[in-house]
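> Mind looking over this structure? Questions follow.
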Amino acid sequence: AGEALEAVKCEVLGAVEAERVGRVDAVGQVRQEMLKSAQECREDARQQVSVAHEELTVLRTRISLIFEEMATCKVGWKQAERACDQGVRDVEERLRGEVAK
């Protein structure tokens with residue numbers, strides 16, 4: 001009876017150990033999957049940041065070009081305004097000259 005009890009005890013301990021090892025393996029596998037998923041998330045985030053940075057650079061360039069165009073238009077507008085004022089003065093002088101005749 002003692003040997004049979006010892007055999008059952010060994011069998012139970014073996015089953016318990018197998019169960020523990022199985023759990024450790026499962027936990028290790030889940031951990032590896034989580035690490036892999038985290039790495040993929042980091043890589044995806046880096047890629048998204050890189051794309052966003054490129055898009056931001058393009059937008060900054062476009063904004064700079066718009067400001068340059070605005071400055072050019074402002075200069076052109078001022079020149080046109082001065083030319084118009086000069087034209088009005090020229091016409092006024094001619095009219096005064098004709099009225100004085």
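> Residue check: is A45 surrounded by 10 or more Cβ atoms within 10 Å (Cβ to Cβ), part of a helix (DSSP H, G or I) and modelled with pLDDT under 95?
Considered against the rule, which asks whether it is surrounded by 10 or more Cβ atoms within 10 Å (Cβ to Cβ), part of a helix (DSSP H, G or I) and modelled with pLDDT under 95, A45 comes out as no.
> A further question follows. Has region 4-13 got any residue that is exposed (fewer than 10 other Cβ atoms within 10 Å of the Cβ) and at pLDDT below 95? If you could, list the steps in order and put the result at the bottom.
Taking region 4-13 first, the residues exposed (fewer than 10 other Cβ atoms within 10 Å of the Cβ) are 4-5.
From what's left, at pLDDT below 95: 4-5.
Among the residues of region 4-13, at least one is exposed (fewer than 10 other Cβ atoms within 10 Å of the Cβ) and at pLDDT below 95, which makes the answer yes.
To keep it simple, each residue is scored yes or no on (1) open to solvent by 100 Å² or more (accessible area, probe 1.4 Å); (2) hydrophobic (A, V, I, L, M, F, W, C).
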position: V51; (1), (2): no, yes
position: L59; (1), (2): no, yes
position: I66; (1), (2): no, yes
position: M70; (1), (2): yes, yes
position: K74; (1), (2): yes, no
position: C84; (1), (2): no, yes
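> So, one more: Quick check: is even one residue across region 14-22 at pLDDT below 95, at negative phi and open to solvent by 90 Å² or more (accessible area, probe 1.4 Å)?
Looking for residues that are at pLDDT below 95, at negative phi and open to solvent by 90 Å² or more (accessible area, probe 1.4 Å), one finds at least one in region 14-22, hence yes.
The values are calculated or read from the model by the stated rules, or taken from the named source; none is laboratory data. Quantities reported herein were computed from a predicted structural model and do not represent experimental measurements. Glycine gets a Cβ as well: all are built from the backbone with ideal geometry, and neighbour counts include every protein chain shown. Accessible surface is based on the protein model in full, side chains and every heavy atom, while ligands, DNA and RNA are left aside. Shrake-Rupley method; radii C 1.70, N 1.55, O 1.52, S 1.80 Å.
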